[in-house]
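Input: a single structure, listed below in structure tokens.
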Amino acid sequence: MYLDDFKLNEEFNVPEVVIEKNQMIEFAKLYDPIPLHCDEEYAKTTKFGKLIAPGVMSYLAVWAKFMENDIFGDELIAGKSTKIEWFKPVFADDTLTGKATLTNITRRNPYNGIAEVTLDVFNTDGEKVLSSVTEAIVKYKT
């Protein structure tokens, strides 16, 4: 979709994703190797009582499902920025769901503009675990 095809506050449901323990640990070992994500014995001694998923992994797992909607199509030029806030931990085997909302549309020039997408992510119990705001550069109809 072109930037001018989007509607402000348009919502997109995001398919659910399960945070699998083995993938969670592999991701952590590669990209966020702290004991709380990788060492089960250590994690048992924390206030969480068990391993928690790296926050970025939780975000990326849901973002990947959102991108399967392919709402931007060939009109997506690039990402510009992402801000993520985490509210609650995500554990192995949590099922995450999301709701994406188009929260701002800004025309930059005659060729493209910014589509701002706010992604709210919820755990198995329906609690919000994170929220992100991503700016994407999208073609404008010329």
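If you take every residue apart from P33 with its C-beta less than 12 Å away from the C-beta of P33, what net charge results, scoring Lys and Arg +1 and Asp and Glu -1? Before the final figure, lay out each step's value.
Numbers: positive: K29; negative: E26, D32, D39.
Summing Lys/Arg as +1 and Asp/Glu as -1 gives -2.
With angles folded into 0 to 90 degrees, how steeply does helix 55-68 sit against the dominant principal axis of the chain? Use alpha carbons for both and round to 10.
Rounded to the nearest ten degrees, it is 40.
I want the local charge near F48. Using Cβ-Cβ distances under 12 Å, sum +1 for each Lys or Arg and -1 for each Asp or Glu among the other residues. Write out the running numbers ahead of the final one.
On the way: positive: K44, K47, K50, K88; negative: E40.
That sum, taken over residues with Cβ under 12 Å, equals +3.
May I ask you to work out the translational diffusion coefficient for the chain at 4 °C, viscosity 1.567 mPa s, via Stokes-Einstein with Rh from the Kirkwood sum over Cα pairs, reported in whole µm²/s? Intermediate values should be presented prior to the final figure.
Values: Rh = 16.1 Å.
Rounded to a whole number, D works out at 80 µm²/s.
Arrange the residues D39, D120 by how much accessible surface each exposes, largest first, with a 1.4 angstrom probe. Numbers along the way, then the final one.
Values: D39 70, D120 25 Å².
Order by accessible area, largest first: D39, D120.
Express in nm, to one decimal, how much length is gained between Y111 and A64 on full extension, taking 0.36 nm for each residue of separation and deducting their alpha carbon distance. Spell out each step's value before the answer.
Details: separation 47, 0.36 × 47 = 16.92 nm, distance 2.64 nm.
Gain on stretching Y111 to A64: 14.3 nm.
Return the calculated 222 nm mean residue ellipticity for the chain, to the nearest 500 deg cm²/dmol, obtained by summing -39500 (n - 2.57) across DSSP H runs with n ≥ 4 and dividing by the residue count. Please report the intermediate quantities before stating the final value.
Working: 4 runs with 34 residues, N = 142.
Estimated from H runs of four or more residues: -6500 deg cm²/dmol.
Can you give the angle from 0 to 90° between the axis of helix 21-31 and the longest principal axis of the chain, with both taken from C-alpha atoms, to the nearest 10?
70
Going down the table (K29/K139; K44/K128; K7/K128; K44/K99), which pairs top 28 Å between alpha carbons?
K29/K139; K44/K99
Under 17 Å from a point 7 Å along the Cα-to-Cβ line of K83: which residues of the stretch 127-142 have their amide N that close?
130-137
Just to be sure I follow the definition: excluding the sites themselves, where is the longest run in the chain that has none of the trypsin sites (Lys or Arg not before Pro) in a DSSP loop with at most 12 other Cβ atoms within 10 Å?
Numbers: sites that count: K7, K47, K141.
That would be 48-140.
Could you tell me which GluC sites (Glu not before Pro) in the stretch 1-59 are loop residues by DSSP with no more than 15 other beta carbons within 10 angstrom of their beta carbon?
Numbers: sites: E10, E11, E16, E20, E26, E40, E41; in loops: E10, E20.
Taking the stretch 1-59 and a limit of 15 other Cβ atoms within 10 Å, the loop GluC sites (Glu not before Pro) found are E20.
The values are calculated or read from the model by the stated rules, or taken from the named source; none is laboratory data. Keep in mind that this is a model prediction, so the values were computed, not measured. We place every Cβ from the backbone using ideal geometry, glycine too, and count neighbours over all the protein chains shown. Accessible surface areas use protein heavy atoms only, side chains included; no ligands, DNA or RNA. Shrake-Rupley method; radii C 1.70, N 1.55, O 1.52, S 1.80 Å.
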